[in-house]
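Below is one structure, written out as C-alpha cells; the observations come after it.
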Number of protein chains: 4
Amino acid sequence: MTPNATPTVLVTGFEPFDNDPLNPSWEVARALEGWDCGGATVRAVQLPCVFGLAAERLDEALARWRPRLVVGLGLAGGRTEWQPERVAINCDDARIPDNAGRQPVDTAVVPGGPAAYFSTLPIKAIVQALRAAGLPASVSNTAGTFVCNHVFYALMLRLAGLPGVRGGFVHVPCLPEHAARHPGAPSMALATQVEALRVTLRTALAFENDIVAGGGQLH
Amino acid sequence: MTPNATPTVLVTGFEPFDNDPLNPSWEVARALEGWDCGGATVRAVQLPCVFGLAAERLDEALARWRPRLVVGLGLAGGRTEWQPERVAINCDDARIPDNAGRQPVDTAVVPGGPAAYFSTLPIKAIVQALRAAGLPASVSNTAGTFVCNHVFYALMLRLAGLPGVRGGFVHVPCLPEHAARHPGAPSMALATQVEALRVTLRTALAFENDIVAGGGQLH
Amino acid sequence: MTPNATPTVLVTGFEPFDNDPLNPSWEVARALEGWDCGGATVRAVQLPCVFGLAAERLDEALARWRPRLVVGLGLAGGRTEWQPERVAINCDDARIPDNAGRQPVDTAVVPGGPAAYFSTLPIKAIVQALRAAGLPASVSNTAGTFVCNHVFYALMLRLAGLPGVRGGFVHVPCLPEHAARHPGAPSMALATQVEALRVTLRTALAFENDIVAGGGQLH
Amino acid sequence: MTPNATPTVLVTGFEPFDNDPLNPSWEVARALEGWDCGGATVRAVQLPCVFGLAAERLDEALARWRPRLVVGLGLAGGRTEWQPERVAINCDDARIPDNAGRQPVDTAVVPGGPAAYFSTLPIKAIVQALRAAGLPASVSNTAGTFVCNHVFYALMLRLAGLPGVRGGFVHVPCLPEHAARHPGAPSMALATQVEALRVTLRTALAFENDIVAGGGQLH
C-alpha cells in the first residue's frame with residue numbers, strides 16, 4: 001500500500017455524553033471534514049465517550065489516515081474560551097460514569113506509562129493567532145481526568161513513537177443551544193468555534209516549533 | 001404633522017466606553033435598524049455613555065419616533081447570557097468615570113423620583129422564548145449603578161407618563177473580539193446577539209402581560 | 001409601659017433552609033445577643049424562612065424591642081464577602097419553596113407599596129470600616145427576590161414610618177462547615193463573621209449619614 | 001552524625017510576593033512549627049519565591065531535617081478551598097516575575113526530567129478527612145506553572161530518590177485580610193487553615209496508601 005498522496009490532518013470530536021443531545025467537539029470537527037488546509041486534507045473522526053474504546057478508535061483512525069497532525073477536541077462545560085491543553089496526565093479519575101457506565105478512579109491510562117506527556121502543538125502560537133483573529137483563547141494547564149484527558153494521553157503516547165507527527169488536544173466551550181438549557185453557562189457559537197478550528201489547524205501546520213510567549217498560570 | 005403611519009420600536013445602544021473600540025450594545029441595535037418586526041419598524045439610536053446627556057438623547061429619540069415599545073441595550077462585561085433587567089433604581093454610583101469624565105457617587109438619577117421602576121417588558125416570556133430558540137438568557141435583578149441603570153431609570157420615568165408604551169433594558173455579553181483582548185471573559189457572537197434581539201422584540205410585542213414563570217434569585 | 005431605659009439594636013437571622021442544618025445568619029446574630037455596643041444592647045431574633053410569617057415575626061420584634069437600629073442578616077451561598085445591601089425591591093419571586101412550601105412568583109411584597117426602598121444604613125462607611133479591619137466586604141446592589149429581600153423590604157417599609165430608626169440588610173457567606181458539603185463554595189469563618197457584625201453595628205451607630213465613597217457597579 | 005531520634009515532618013511555606021505584605025502559606029506553616037503530630041515533630045521552613053533558589057533551600061531543609069513526610073504549601077489567590085495538588089509538571093512558565101525578577105517561559109524545571117510526578121500524599125483521604133472536619137477542600141489537577149509548581153516538581157524529583165519518604169503540595173486560599181484589599185476574592189481564616197494543616201498532616205501520616213474515592217474533574 002502506498003502512502004497517502006495528500007497529507008492528512010486528523011481532527012477528533014466526541015459523541016454526546018451526560019444527557020446532552022449533541023457535543024460541540026464533534027459538531028466543530030465534522031464541519032471541517034474534507035477541508036483543504038494549506039494542501040492538507042482534514043479528516044474528522046467521532047470518538048465514543050468511553051474509556052478504553054475511545055483510544056481504540058483513535059488508533060484505528062491513526063492507522064487509516066496516517067496524519068501528519070492530530071488535534072483532539074473535547075467539550076469543557078463552564079469554560080469561556082477555546083483552550084489548547086498543555087499536558088496530558090496518566091490518570092483516569094471519572095467524576096461521572098462514561099457512556100458505557102465505566103467510572104475508573106485513580107487508575108493509569110496506560111499502566112507503566114510516563115506520568116505525563118506535553119502537547120506537541122504550538123499552543124502559544126495558536127493562542128496568539130486566535131486572539132489576533134478576535135477569537136477568545138488561552139492555554140489550559142489541566143485537561144481533567146475524564147475521557148478527554150484519556151484520549152489526549154493515549155494520543156501523545158502513540159505520537160511519541162511516530163517521529164514527525166505532532167498533535168495535541170483543545171477543550172472547547174458549550175454551544176449557545178447547550179447553554180440555553182444550563183442557565184449561567186458560558187458558550188461560543190458554532191461559527192466562531194469552526195473559525196477557531198481553522199486558525200488552530202493553520203497555525204499548527206505553520207509553526208513546527210512553538211513561539212516564546214506568556215501563557216502560564218500562577219496556580 | 002400626522003402621527004407615524006407605521007408603529008415604531010425604539011432600540012438604543014451605547015457608544016464605546018472604557019477604552020474599548022466598539023460596544024456590542026450598539027452593534028446589535030444598529031444591525032436591526034429598519035427591520036420590520038410584525039408590522040412595526042425598528043429604529044436604532046446610539047446614546048453617549050455620559051450621565052445626563054444619555055437621558056437627553058433618549059428624550060429626543062422618544063419625541064422623534066413616538067415608539068410603542070422601547071428596549072435599551074447595554075454591555076455587561078463578565079456576563080454569559082442575554083439578560084433582561086427587572087428593575088431600575090434611582091441611584092448613580094459610578095465605579096469609573098463616564099465618557100465625559102463624570103463620576104457621580106450615590107446621587108439620584110432624578111432627585112425626588114421614586115426609588116425604583118420595574119421593567120414593563122415581559123421579561124419572563126422573553127427569557128422563555130430565548131431559551132426555546134437555543135439562546136442563553138436569564139433575568140437579572142440588578143442593572144448596576146452606572147450609565148446603563150441611569151438610562152433605564154430615565155426611560156421608565158418617561159414611560160410612566162406615556163400610557164400604552166412599554167419598555168425596559170437588556171444587558172448583553174461581550175463580543176468574541178472583545179473577549180479576545182480580555183482573557184477569561186465570556187462572550188456571545190454578534191449573530192447570536194442579533195437573533196436574541198429579534199426574539200426579544202417579537203416576544204415583547206406579542207406579550208402585553210408577562211407570563212408567570214420562575215426566574216428569581218435567592219440572593 | 002415606659003420606654004426602654006437602654007437603647008436597643010435589633011439583629012435578625014434566619015432559621016436554616018434548603019436542607020442545611022444551620023444558617024450562618026442566625027449563628028452570627030445570636031453570638032452577639034446581649035452584647036453592649038457603645039451603650040446600646042444587641043437583641044438577636046430568629047426569623048422563619050417563610051414569606052409573610054418572617055415579616056410578622058419582624059413586626060413583633062420591632063414592637064417588643066423598639067430598637068434604634070435594625071440589621072437583618074441572611075445567607076448568600078456563593079458570595080465571598082460580607083455584603084451590605086443597597087436596595088430592597090417590592091417583589092417576591094421564589095426560585096425554590098420556602099420552609100412552609102410557599103413559592104410566590106412575581107408578586108408584590110406589599111401590594112401598592114413603593115417599588116423599592118434604599119437601606120438607611122451607612123453602607124459605604126460599613127464597607128470601608130470592614131476592609132480597614134481586614135474583613136472582606138463590598139456593597140451589593142441586589143438582595144435577590146426570596147425571603148431575604150422580602151424581610152428587607154418589609155423592614156424598610158416599617159422604618160419609613162418610624163423617624164429616627166435606621167436599618168438595612170447584610171448578606172453573609174457560608175460557614176466553612178457548610179462549604180465543606182458543597183465543593184467549590186466560598187466561605188467565611190464564624191469568628192470572622194461575628195467580628196464583621198461588631199464592626200457593622202459600631203459603624204452604623206457612629207455614622208448617622210453615610211460617607212461619600214465608591215462602591216457602585218458598572219452592571 | 002546519628003539519625004534523628006524523633007521523626008520529622010517538614011512543612012514549607014513561601015515568603016510574600018506580588019506586593020502582598022504576607023503569604024498565608026508561611027503564616028500557616030509557622031503556626032505549627034514544633035507541633036507534635038502523633039510522635040513526629042513539625043519543622044516549618046520558609047522558601048523564597050524565586051525560581052531555582054526555592055529548590056535550593058528546599059534541598060537544604062531536606063538535608064537538615066531528613067523528614068519522613070514533606071508538605072509544601074503555596075498561595076492560590078481566587079481559590080475557595082484547601083486543595084491538595086495531584087501532579088507537578090516539568091514546566092516553568094511565569095505570568096509575572098518572581099521576587100528576583102526572573103520570569104522563565106516554557107522552560108523545564110529540570111532539563112531531561114520526567115514530564116510530571118504525581119503527589120505521594122493520600123490526597124483523596126486528606127480531602128475526605130478535611131470535609132469530615134467541616135473544612136472546605138477538594139483535589140486540584142493543576143498546580144500552575146509558577147514557583148509553586150517548580151518547588152512541587154523539585155520536591156517530588158528528590159523524593160523519587162528517597163524511598164519511604166512521601167510528600168506533595170497543597171494550594172491554600174487568601175487570608176481574610178488579604179481579600180479585604182482585593183474585593184471579591186474568596187478567603188479562609190488563619191485558624192481554619194491551621195486546623196486544615198493539622199488534619200492534612202495527621203491524615204498523611206495515617207494513610208500510607210490513598211483511599212479509592214471520587215475527586216476527578218471532567219476537564
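The values are calculated or read from the model by the stated rules, or taken from the named source; none is laboratory data. Just so we're clear, the structure is a prediction, and the values are computed from it rather than from any experiment. Quick reminder, even Gly has a Cβ in these numbers, built from the backbone with ideal geometry, and neighbours come from all protein chains shown. Heavy atoms of the whole protein, side chains included, go into the accessibility calculation; ligands, DNA and RNA do not. Shrake-Rupley method; radii C 1.70, N 1.55, O 1.52, S 1.80 Å.
For the range C:17-34, backbone phi angles converted through the Karplus equation (6.51, -1.76, 1.60; θ = phi - 60°) give residue-by-residue couplings of 8, 6, 6, 8, x, 9, 10, x, 4, 7, 4, 6, 4, 5, 5, 10, 3, x Hz, Gly and Pro being listed as x.
Rounded to the nearest 100, the interface formed by chains C and B buries 2700 square angstrom of accessible surface, both chains summed, with a 1.4 Å probe. Here r is the Cβ-Cβ distance between C:Val212 and A:Arg64 and R0 is 56 Å; the resulting FRET efficiency, rounded to 0.05, is 0.20. Within the listed set C:Val45, C:Val71, C:Val147, the Gaussian network model of chain C (springs between alpha-carbon atoms below 10 Å) gives the highest mean-square fluctuation for C:Val45. Summed over qualifying helices (DSSP H, 4 residues or more, each -39500 (n - 2.57)) and divided by its residue number, chain D shows a 222 nm mean residue ellipticity of -9000 deg cm²/dmol. Counting charges near A:Pro136 (Lys, Arg +1; Asp, Glu -1) among other residues having Cβ under 12 Å from its Cβ returns a value of 0.
Per the Debye formula with a single identical scatterer at each Cα and no solvent contribution, what log10 I(q)/I(0) holds for the range C:8-206 at q = 0.15, 0.16, 0.17 Å⁻¹? Those come out to -0.85, -0.98, -1.12, one per q. Looking at chain D alone, DSSP beta bridges between its own residues are antiparallel in about 30 percent of cases.
Computed 3J(HN,Hα) for the range C:159-170, one whole-Hz value per residue from the Karplus formula 6.51 cos²θ - 1.76 cosθ + 1.60 where θ = phi - 60°, is 5, 4, x, 10, x, x, 9, 10, x, x, 9, 10, glycine and proline marked x.
Determine which residues of the range D:186-219 fall in the zone a paramagnetic label at A:Arg181 would reach in this model, i.e. backbone nitrogen under 20 Å from the point 7 Å along Cα→Cβ. Flagged as within label range: D:218-219. Evaluating 6.51 cos²θ - 1.76 cosθ + 1.60 at θ = phi - 60° for every residue in the range A:121-137, the Karplus couplings come out as 7, x, 5, 6, 5, 5, 4, 4, 5, 4, 4, 4, 8, x, 10, x, 7 Hz, glycine and proline recorded as x.
A quarter of the convex hull surface defined by the alpha-carbon atoms of the protein assembly as shown gives 40.1 nm² as the mean projection. Of interest is the spacing of the C-alpha centroids, which for the range C:15-35 and the range B:8-87 amounts to 45 Å.
Between the range C:142-181 and the range A:186-211, the alpha-carbon centres lie 48 Å apart.
Farthest towards the positive end of the charge dipole of the range C:100-219, among the residues C:Phe207, C:Phe118, C:Val151, is the Cα of C:Phe207, using unit charges on the Cβ of Lys, Arg, Asp and Glu. Projecting 7 Å from Cα along the Cα-to-Cβ direction, the label point of A:Ala160 sits 1.2, 7.0, 7.1 nm from its equivalents in the other copies, listed shortest first. Annotation: amide H-H contacts under 5 Å for B:Thr107 (H modelled 1.01 Å from N, sequence separation of 5 or more, or interchain): B:Asp92.
The charge dipole of the protein assembly as shown, taken about its Cα centre with unit charges on the Cβ atoms of Lys, Arg (+1), Asp and Glu (-1) only, comes to about 0 debye. Legend: Rg and Dmax of the range D:71-181, from Cα coordinates, 14.7, 44 Å. Once the gyration tensor of the Cα atoms in the range D:11-115 is diagonalised, the equivalent ellipsoid follows with semi-axes of 24, 18, 14 Å, ordered largest first. With its label point put 7 Å out from Cα toward Cβ, D:Arg202 sits 3.4, 6.0, 6.2 nm from the same residue's point in the other copies, in order from shortest. Position A:Asp18: other-copy label points at 2.0, 2.7, 2.9 nm, ordered by increasing distance, label point 7 Å along Cα→C-beta.
A Förster radius of 51 Å, combined with the Cβ-Cβ distance separating C:Thr6 from A:Arg95, puts the computed FRET efficiency at roughly 0.40.
Beta bridges from DSSP with both residues in the protein assembly as shown: antiparallel share about 30 percent, rounded to the nearest 5. Accessible surface for the range A:8-206, divided over its residues, is 32 Å² per residue with a 1.4 Å probe. Near B:Gly72, the amide H atoms lying under 5 Å from its own belong to B:Thr12, B:Gly168, B:Phe169, B:Val170; only residues 5 or more places off or on other chains count, and H is placed 1.01 Å from N.
What does the C-alpha gyration tensor say about the overall shape of the range D:119-201? Classify as rounded when a/c is under 1.5, otherwise prolate if a/b is larger than b/c, or oblate. Since a/c reaches 1.5 but b/c is at least a/b, the shape of the range D:119-201 is classed as oblate. Annotation: amide H-H contacts under 5 Å for A:His219 (H modelled 1.01 Å from N, sequence separation of 5 or more, or interchain): D:Thr145.
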